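The values are calculated or read from the model by the stated rules, or taken from the named source; none is laboratory data. All figures in this text were calculated on a predicted structure; none of them were measured in a lab. Heads up, the Cβs are rebuilt from the backbone with ideal geometry, glycines too, and the neighbour counts pull from every protein chain shown. Accessible surface areas use protein heavy atoms only, side chains included; no ligands, DNA or RNA. Shrake-Rupley method; radii C 1.70, N 1.55, O 1.52, S 1.80 Å.
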Amino acid sequence: MRTKIQYKIQYTIMVWWVQVELLAMCLLAAYLQIPLPQVSLALHSWKSSGKFFTYEGLHIFYQDSVGVVGSLEIAVLLHSLPTSSYDWYKIWEGLTLRFHQVLVLDFLGFGFSDNPQPHHCSIFEQASIMEVLLWHLGLQNHRTNLLSHDYGDIVAQELLYQYKQNQSGRLTIKSIHLSNGGIFPETHCPLLLQKILKDGGVLSPILTWLMNFFVFSMSHPMGALASETNPIDFIYEPLDPVNPYPEFFELYRKMLSRSMMSILDDHISHDPQLEDPMGFLNAYLGFIKSF
């Protein structure tokens, strides 16, 4: 039989947990009342210069710029999580000097695009939205160069998969350029925030509300890259915590021996297009000039 001391300990623990839960609920309620931060002037300018199109009743923000006249090639940029198309603003102008048109959108649930609730976005849906936008702009027959970062790498692979399966006919891929994405589950070490957002739990709804993020699911294996004959490049930084060195480097060389890899300076980490925009841009344009 339980002693009085055991009952007292059990009661104390129960009271402690009730107090913790009440405190957590109060903190959560107060936190949710904090207004969203004001949009910076630079981000406001980015939004003002962009446009929206409708996909199945949802408003999708996108940015496009006409660049080199006479070229049939376009650059399609795919951003990371939990960010937005603004990730690319530092190299935007440089890309317009090389391509006929440069195009980027805010994935559904990100940035200025709609964030429907409840709605579970899939990689397939994000890729389909990009294809519909290309069709909407009349760019489906242009040679498309995919430039992606982190989560965008997975969307790029879905676009490649659909292109190889000829499921839509809405794009013609000429090249793929990836950076800092978890293309190999064996070596992928997602950041803590990405783990929380992906795995769910108590904090996930809060972070979803704060960062405009949805939990995504992959729709098919990563085999599309290994069998791809078009040029592939990967920008890599040894300090990237998502793809640790040397495990990722060695596996990439083994699995994608025909592709290229551009390695930036050792002090560059997970967001090279923001940390070293000129280095990133030069590496990408060097890849484009190589074929």
Any hit, the range 158-173, residues being in contact with a helix residue (DSSP H, G or I) (Cβ under 6 Å, 6 or more places away or on another chain) and among the aromatic types (Phe, Trp, Tyr): yes
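Taking the stated definitions as given, is SER128 among the small types (Gly, Ala, Ser) and open to solvent by 10 Å² or more (accessible area, probe 1.4 Å)?
Yes: the conditions hold for SER128.
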Subset of the range 229-241 [within 20 Å of SER269 (Cα to Cα) and open to solvent by 10 Å² or more (accessible area, probe 1.4 Å)]: PRO238, LEU239, PRO241
Qualifying residue in the range 216-236 (condition: at pLDDT 75 or above, in a helix (DSSP H, G or I) and closer than 16 Å to SER148 by Cα): no
Filter result for LYS90 (closer than 28 Å to ILE176 by Cα and in a helix (DSSP H, G or I)): no
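Of the residues ILE91, ILE60, ILE74, only one is open to solvent by less than 70 Å² (accessible area, probe 1.4 Å) and in contact with a Pro (Cβ under 6 Å, 6 or more places away or on another chain); which? Quick ask: steps written out before the conclusion?
On the way: ILE60 fails: in contact with a Pro (Cβ under 6 Å, 6 or more places away or on another chain); ILE74 fails: in contact with a Pro (Cβ under 6 Å, 6 or more places away or on another chain).
Criteria check complete, one pass: ILE91.
When the range 67-92 is examined, which residues are found to be small (Gly, Ala, Ser) and farther than 20 Å from GLU158 by Cα?
GLY67, GLY70, SER71 - these are the residues of the range 67-92 that are small (Gly, Ala, Ser) and farther than 20 Å from GLU158 by Cα.
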Positions within the range 242-261 being open to solvent by 20 Å² or more (accessible area, probe 1.4 Å) and either more than 18 Å from ILE176 (Cβ to Cβ) or among the polar types (S, T, N, Q) (or both), in sequence order: PRO244, TYR245, PRO246, GLU247, PHE249, GLU250, LYS254, SER257
Residue among LEU160, LEU133 that is more than 14 Å from the chain's Cα centre (by Cα) and at pLDDT below 90: LEU160
